[in-house]
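Here, each number is a calculation from the coordinates, and none is a lab measurement. Keep in mind it's a predicted model, so treat the numbers as computed, not measured. Cβ coordinates were reconstructed from backbone atoms using ideal geometry, including for glycine residues, and neighbour counts include every protein chain displayed.
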Amino acid sequence: MKNASVYKAIFSNIAGCVFFITIFIPATAQAQTRGTVEVIKDARIDTLAAHRASLKATGTITVAAATTGYGYRVQIYNGSSRKEAYDVQSRFMNEYPGMRTYIGYTEPNYKVRAGDFRSRLEAERLMQELRGKFTSLFIIGGRINPPKPGTGND
């Protein structure tokens, strides 16, 4: 009986040493060395970045005008006829020549959407003007293009 407990004690000591050797010794033996990073790029990238920075500095380009944002559009047509979608777009553009229109196709329907409004209230104003002229009017939220400079289509 006494021999069994001695063997268990020796075995647990050996197991502990083996565990320590297999886990901690390799972790300390692996030395991390500092390396260098070499960047290979075209020289025209620096020229392009400098040109963009100069455009921003002179006010030719602004950050707000270069990016899209979240806003609203008014959907003026939803149907399966491509010809009718283009006819609705043409009719809308004749009545509102300064406002952008977009035709999208999600099988099997064409959707004609108008405007790039930053607030829902502006989209609702247009929707009220269009009542009676177009059917199935909806306000759709999503990514919009920035408004044209000098227009009231904000």
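What the table shows:
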quantity: Amide H contacts of I76 (H built 1.01 Å from N, under 5 Å, at least 5 apart or other chain); calculated: V112, R113, A114
quantity: Calculated FRET value between S90 and Q128, using beta carbons and R₀ = 25 Å, to 0.05; calculated: 0.65
quantity: Hz values of 3J(HN,Hα) by residue in the range 86-92 - Karplus curve (6.51, -1.76, 1.60), Gly and Pro given as x; calculated: 5, 5, 5, 4, 5, 4, 5
quantity: Ordering of 137-145, 113-121, 44-52 by packing [mean C-beta count within 10 Å, highest first]; calculated: 113-121, 137-145, 44-52
quantity: Relative packing of 73-81, 89-97, which averages over residues the other C-beta atoms within 10 Å, highest first; calculated: 73-81, 89-97
quantity: Derived scalar couplings ³J(HN,Hα) [the range 42-54; Karplus, 6.51 cos²θ - 1.76 cosθ + 1.60; whole Hz; x for Gly, Pro]; calculated: 6, 5, 5, 5, 4, 5, 5, 5, 5, 5, 5, 5, 5
